[in-house]
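Encoded as structure tokens, the structure appears first; notes follow it.
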């Protein structure tokens with residue numbers, strides 16, 4: 001089974017209605033089953049450089065290593081390792097660029113990435129870009145923001161209802177390119193046929209209520225390119241205060257690594 | 001810089017800048033604002049500064065703390081809020097603390113010192129890691145001055161039924177032949193979602209782009225006929 005035939009992928013990115021530049025970057029590689037979304041920050045247009053470096057470097061790293069046909073016997077968490085390493089490399093490269101060129105000083109970027117391989121989706125993120133999933137009737141946020149707002153709620157300083165009136169929505173606690181090392185959250189989930197995964201920058205979830213994101217995913221399951229366009233439009237209709245990026249992946253068919261061979265997950269769960 | 005304007009019975013008694021991470025008021029002389037009033041507890045309340053937020057927290061005072069007339073335990077202060085303790089009023093002034101216009105550029109800050117904040121009475125376990133809703137208040141519902149729309153089924157699945165188009169998206173048809181009607185600030189639009197046949201409006205098939213709907217338009221989605229109208 002070719003990944004290309006098992007997944008439908010669409011993405012859209014828009015400057016929004018207030019900002020002059022779009023500092024978000026989105027990249028999808030259908031052959032690798034990889035989607036990366038990054039929300040850049042800092043400096044005059046440098047945020048765009050940071051997010052662009054992140055999506056490019058992560059894509060290249062995975063292309064290089066997955067293309068070699070790495071043996072699965074290396075361990076079940078191969079994808080976790082590859083994705084973490086790729087993001088670590090991107091962090092180092094952005095960090096060095098930010099420290100060596102004055103025009104890039106202070107740049108950084110969030111990142112959220114999904115790698116679909118062997119019926120499993122590997123999810124990695126740093127910062128406040130998010131991943132949502134619609135599975136049947138169940139809508140979930142699969143990432144927890146690395147933001148001051150999230151910490152305030154977790155520490156009980158404010159309630160999650162109060163998060164809407166907080167003034168800290170722009171403060172992230174992790175970003176690529178800002179420190180020499182980066183802590184990346186990585187997790188794996190078994191993918192199911194019919195799942196829809198949605199990556200987005202905060203320009204979407206700060207402008208469009210979760211309930212409306214869910215409603216869009218439910219209503220437009222059968223047209224993934226329309227789904228991403230619709231969500232960007234909704235963010236702009238509500239004010240479009242920030243850059244808006246959205247990428248959606250629908251699992252159309254199972255995608256085991258070797259056809260006719262029981263996949264590890266099938267084996268593990270039956 | 002945020003400040004508090006202290007007043008009683010309409011006369012201003014002083015201005016206080018919130019320069020400290022923890023700013024307290026109460027009857028005790030050690031408080032940052034000492035308020036000599038029988039209705040005020042010794043340590044009545046504090047304002048904690050966390051990033052751009054200033055969070056008012058009642059310290060279990062006898063008579064409570066009001067914000068804009070309502071009793072609060074914890075409250076993220078917004079520009080213009082009026083805090084009441086005893087007979088005194090404290091107006092919070094911070095032009096940056098507006099509920100809907102808080103879209104400064106993203107900044108990276110280090111995660112804050114948990115131990116310090118723990119001492120400030122944070123009571124929740126950090127193991128609680130649920131996603132939070134961050135959408136600004138005005139994003140909850142489509143801000144629209146447009147009248148509410150609805151469709152009535154003429155033939156097919158929804159015959160005779162009225163479906164109010166109150167949500168941002170309403171879906172019609174079956175998975176293999178479907179459309180959505182979206183409610184936008186400028187009006188209602190119908191968009192083709194899936195299927196070979198595009199929706200038909202007043203006898204004419206629409207294209208791939210959202211198509212604006214007018215009062216009393218006749219719509220066909222697959223075999224279903226509907227009439228759109230404004231209420």
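Using Cβ contacts closer than 10 Å as the measure, can you line up A:44, B:16, A:197 from fewest to most?
On the way: A:44 10, B:16 16, A:197 25.
Going from least to most buried by this count: A:44, B:16, A:197.
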**Prompt:** What's the long-distance tail for the protein assembly as shown, i.e. % of Cα pairs beyond 45 Å?
**Reply:** 23 percent
**Item:** In nm, spacing of pseudo-spin labels at residue B:19 and residue B:43 (7 Å Cα→C-beta vector)
**Value:** 2.3 nm
**Ranked list, fewest to most other Cβ atoms within 10 Å of each Cβ, for B:152, A:258** = A:258, B:152
**Asked** Between residue A:211 and residue B:91, what FRET efficiency comes out of the Förster formula 1/(1 + (r/R0)^6) with R0 = 30 Å and r the beta carbon distance, rounded to 0.05?
**Response** 0.30
**Complete:** Applying the gyration tensor rule to the Cα atoms of the stretch B:158-197 (axes a ≥ b ≥ c; rounded if a/c under 1.5, else prolate if a/b exceeds b/c, else oblate), the class is oblate
**Message:** Only Cα pairs within less than 10 Å get springs; with that Gaussian network setup on chain A, which residue of A:144, A:165, A:228 has the largest fluctuation?
**Reply:** A:165
**Message:** From zero outward in steps of 10 Å, how is the percent of C-alpha pairs of the stretch A:1-136 spread across the bins?
**Reply:** 12, 41, 32, 13, 2, 0
**Global form of the stretch A:99-255, assessed from the alpha-carbon gyration tensor, a/c cut-off 1.5** = prolate
**Request:** Go ahead and estimate [θ] at 222 nm for chain A from helices alone: -39,500 (n - 2.57) per DSSP H run with n ≥ 4, summed, over the residue count, rounded to 500.
**Result:** -10000 deg cm²/dmol
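Could you line up A:112, A:120 from fewest to most neighbouring Cβ atoms inside 10 Å?
Starting with the residue having the fewest Cβ neighbours, the order is A:120, A:112.
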**Asked** Say each of residue A:103 and residue B:5 gets a label point 7 Å from the Cα, pointing the same way as Cα to Cβ; how far apart are those two points in nm?
**Response** 4.7 nm
**GNM result for chain A, Cα springs below 10 Å: residue of A:15, A:124, A:163 fluctuating most strongly** = A:163
**Request:** With springs only between Cα atoms under 10 Å apart, run a GNM on chain A and tell me which of A:125, A:167, A:65 wobbles the most.
**Result:** A:167
**Request:** Determine the principal axes of the Cα atoms in chain A, then give the extent along each, sorted from largest to smallest and rounded to whole angstroms.
**Result:** 52, 44, 35
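Readers should treat all values here as calculations from the given coordinates under stated rules, not as data from a laboratory. None of these values were measured; they are calculated from a predicted model. With ideal geometry, Cβ positions are generated from the backbone for all residues, glycine too; neighbour counts draw on all protein chains shown.
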